[in-house]
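Take this structure, written in structure tokens, and hold onto it; I'll ask about it next.
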Amino acid sequence: MIKVICFVFAIFSGYIGCNAKALKSDTVRVSEVEPEAKAKLVSLDHTFKYQIDAPNETFTLLAELEEISGLGISDSGEFLYAVQDENGYIFKLSKKTGKLVDKIKFHKDGDYEGIEVVGDDVYVVKSTGTIYQLKNLGEKSQQMTKFNSFLNRENDVEGLAYDKKNHRLLVACKGVPATGESFEVIRYKKVIYEFDVATNSMNPDPVFTIQLKNIREYLEAHRGMKGHDKLMAFFSAEKENLTFNPSAISIHPISGNIYVISSSGKVMVVLDDKGKVVHIEKLKKKIHAQPEGMAFDLDGTLYISNEAKGGEPKIHRFDYQKN
């Protein structure tokens, strides 16, 4: 009888011990997940290497940039370039101080939303999707070429990024996709197009699509992440459309991941080079009043520009945490 009691006690203790270990574990190993579920655990090993709500340095910009809408960095990494959404000037800024180095007229007033440097050329995008290529910027021989495409004001372009690996510009739309699909389909997604800088043409097919279902899938697999409840509410399946509206886009020089910011909701979504969601970050409104521009330095240093929105226009610098 004593032996039987001991045996039962041993089994019961083992059961409690195993379940206690399971309860204490916060980590899910992809190798231990069934194949069907494994596909839903989107890149669990991704590590976000920025203290995104604690800038290492902040530059207050001149008042003329209160509507700063796009940010780029020189090919050498020495200067930052900015545009604002009211007039046709490019602002060359010191990367170390944010002070104005030069102000260059390139076109008439307009709603300019993004800027990128590709070698010796500078590209600016308008909200209508028109792309302006500038050669010999700031020199007497400065030349501008304008490229129109199927995009228009309804698509509301707000982000521009240079993809060096594929020699193309990524064009992020805040507005409706130009895919010809029904409203029932397009209301839950935002798209990113590609502009081939060799042929100066826009591909009519989106190269990346940010969909509500993919974001919610990611959030369901990461219930313990920072700001999870607020993100679930922002990306609620009950909303009439996807309220993530791209306002800035940039490609990480080390990982190759694509960073996309939505000023509305103050959210950053990170995609891998296949377009899969690998990270989502809720931004603090106190720091990111209205993030409209983003650029990476060669070493991974991140710069995010914010419109004044009743205060002062600013650029925040975030150092890349290598370890």
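Which residue is modelled with the highest pLDDT, if the candidates are limited to segment 66-89 and must be under 22 Å from Asp163 (Cβ atoms), of a type in the set (Gly, Ala, Ser) and surrounded by fewer than 24 Cβ atoms within 10 Å (Cβ to Cβ)?
To start, the set of residues in segment 66-89 that are under 22 Å from Asp163 (Cβ atoms) comprises 69-83.
In the following step, the residues that additionally are of a type in the set (Gly, Ala, Ser) were identified as 69-70, 72, 74, 76-77, 82.
Narrowing further to those that are surrounded by fewer than 24 Cβ atoms within 10 Å (Cβ to Cβ): 74, 76-77.
Working: Ser74: 96, Ser76: 89, Gly77: 92.
Ranking the qualifying residues of segment 66-89, first place goes to Ser74.
Give just the number: which of (1) in contact with a Gly (Cβ under 9 Å, 6 or more places away or on another chain); (2) farther than 25 Å from Lys285 by Cβ does Lys190 not satisfy?
(2)
Here's another thing I want to ask about it. Would you check if Tyr81 is part of a strand (DSSP E or B) and of a type in the set (Phe, Trp, Tyr)?
Values: part of a strand (DSSP E or B): yes; of a type in the set (Phe, Trp, Tyr): yes.
Judged against the criteria, Tyr81 is a match.
Another one. So in segment 191-202, with the set limited to residues that are in contact (Cβ under 8 Å) with a residue 24 or more places away in the chain and part of a strand (DSSP E or B), which one is nearest to Val124 (Cα to Cα)? Steps first, answer last, please.
Step one: list which residues in segment 191-202 are in contact (Cβ under 8 Å) with a residue 24 or more places away in the chain, which gives 192-198, 200-202.
Those still in the list that are part of a strand (DSSP E or B) too: 192-196, 201-202.
Values: Ile192: 16, Tyr193: 15, Glu194: 14, Phe195: 12, Asp196: 14, Ser201: 15, Met202: 14 Å.
Result: Phe195.
Taking segment 129-162 as the region of interest, how many residues are among the β-branched types (Val, Ile, Thr), under 24 Å from the mean Cα position of the chain (by Cα) and farther than 25 Å from Phe296 by Cα?
Total satisfying the criteria: 0.
Among the residues of segment 171-190, is any assigned to a strand (DSSP E or B) and over 26 Å from Val117 (Cβ atoms)?
Yes: segment 171-190 contains one or more residues that are assigned to a strand (DSSP E or B) and over 26 Å from Val117 (Cβ atoms).
Something else now. Only one residue in Gly310, Gly300, Gly275 is under 15 Å from Thr60 (Cα atoms) and either in a loop (DSSP other than H, G, I, E, B) or under 12 Å from the mean Cα position of the chain (by Cα) (or both). Which one? Walk me through how you get there before you give the answer.
Values: Gly300 fails: under 15 Å from Thr60 (Cα atoms); Gly275 fails: under 15 Å from Thr60 (Cα atoms).
Result: Gly310 is the single residue among Gly310, Gly300, Gly275 that is under 15 Å from Thr60 (Cα atoms) and either in a loop (DSSP other than H, G, I, E, B) or under 12 Å from the mean Cα position of the chain (by Cα) (or both).
Give segment 139-157 a look and list any residue that's under 29 Å from Ile261 (Cα atoms) and either of a type in the set (S, T, N, Q) or in contact with a helix residue (DSSP H, G or I) (Cβ under 7 Å, 6 or more places away or on another chain) (or both), or say none. Working first, answer last.
Narrowing segment 139-157 to residues under 29 Å from Ile261 (Cα atoms): 144-157.
The answer is Thr145, Asn148, Ser149, Asn152, Asn155.
For segment 259-298, which residues satisfy the criterion of being touching a residue at least 40 places away in the same chain (Cβ under 8 Å), within 17 Å of Tyr218 (Cα to Cα) and among the basic types (Lys, Arg)?
Residues satisfying the conditions are Lys276, Lys282.
So Thr199 passes all but one of these: (1) buried (at least 18 other Cβ atoms within 10 Å of the Cβ); (2) more than 18 Å from the chain's Cα centre (by Cα); (3) within 25 Å of Asp75 (Cα to Cα). Which condition number does it fail?
The single condition Thr199 does not satisfy is (1).
Regarding Phe235, is this residue free of Cβ contacts under 8 Å to residues at least 24 places away in the same chain, surrounded by 17 or more Cβ atoms within 10 Å (Cβ to Cβ) and under 25 Å from Asp53 (Cα atoms)? Show your work before the answer.
Details: free of Cβ contacts under 8 Å to residues at least 24 places away in the same chain: yes; surrounded by 17 or more Cβ atoms within 10 Å (Cβ to Cβ): yes; under 25 Å from Asp53 (Cα atoms): yes.
When the stated conditions are applied, Phe235 passes them.
Can we say Ser247 is surrounded by 20 or more Cβ atoms within 10 Å (Cβ to Cβ), of a type in the set (Gly, Ala, Ser) and touching a strand residue (DSSP E or B) at 6+ places or on another chain (Cβ under 8 Å)?
Details: surrounded by 20 or more Cβ atoms within 10 Å (Cβ to Cβ): yes; of a type in the set (Gly, Ala, Ser): yes; touching a strand residue (DSSP E or B) at 6+ places or on another chain (Cβ under 8 Å): yes.
It is true that Ser247 is surrounded by 20 or more Cβ atoms within 10 Å (Cβ to Cβ), of a type in the set (Gly, Ala, Ser) and touching a strand residue (DSSP E or B) at 6+ places or on another chain (Cβ under 8 Å).
So that you can scan it fast, the table gives a plain yes or no per residue for (1) within 25 Å of Ile254 (Cβ to Cβ); (2) touching a strand residue (DSSP E or B) at 6+ places or on another chain (Cβ under 9 Å):
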| residue | (1), (2) |
| --- | --- |
| Gln142 | no, yes |
| Ser149 | no, yes |
| Tyr162 | yes, yes |
| Val171 | yes, yes |
| Pro177 | no, yes |
| Ser201 | no, yes |
| Pro204 | no, yes |
| Arg216 | no, no |
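Report, by residue number, each residue of segment 145-170 that is outside any loop (DSSP other than H, G, I, E, B) and of a type in the set (Lys, Arg). Explain how you work it out, then say what you get.
Looking only at segment 145-170, we keep the residues that are outside any loop (DSSP other than H, G, I, E, B), and these are 145-147, 157-163, 168-170.
Once the filter is applied, which keeps residues that are outside any loop (DSSP other than H, G, I, E, B) and of a type in the set (Lys, Arg), segment 145-170 yields Lys146, Arg168.
Which of the following residues is in contact with a helix residue (DSSP H, G or I) (Cβ under 7 Å, 6 or more places away or on another chain) and modelled with pLDDT of 95 or more: Pro313, Pro291?
Working: Pro291 fails: in contact with a helix residue (DSSP H, G or I) (Cβ under 7 Å, 6 or more places away or on another chain).
Criteria check complete, one pass: Pro313.
Within segment 299-318, track down each residue that is touching a Phe, Trp or Tyr at 6+ places or on another chain (Cβ under 7 Å) and either free of Cβ contacts under 8 Å to residues at least 60 places away in the same chain or surrounded by fewer than 17 Cβ atoms within 10 Å (Cβ to Cβ) (or both).
Passing the criteria: Asp299, Thr301.
Condition check ((1) in a loop (DSSP other than H, G, I, E, B); (2) crowded, with 17+ Cβ neighbours inside 10 Å; (3) among the small types (Gly, Ala, Ser)) across all residues:
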{"position": "Phe91", "(1), (2), (3)": "no, yes, no"}
{"position": "Thr97", "(1), (2), (3)": "yes, no, no"}
{"position": "Asp102", "(1), (2), (3)": "no, no, no"}
{"position": "Asp109", "(1), (2), (3)": "yes, no, no"}
{"position": "Glu113", "(1), (2), (3)": "no, yes, no"}
{"position": "Glu116", "(1), (2), (3)": "no, yes, no"}
{"position": "Val124", "(1), (2), (3)": "no, yes, no"}
{"position": "Gly129", "(1), (2), (3)": "yes, yes, yes"}
{"position": "Tyr132", "(1), (2), (3)": "no, yes, no"}
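The values are calculated or read from the model by the stated rules, or taken from the named source; none is laboratory data. All values reported here derive from a predicted model rather than from experimental measurement. Using ideal geometry, Cβ is built from the backbone for each residue, glycine included, and neighbour counts are taken over all protein chains shown.
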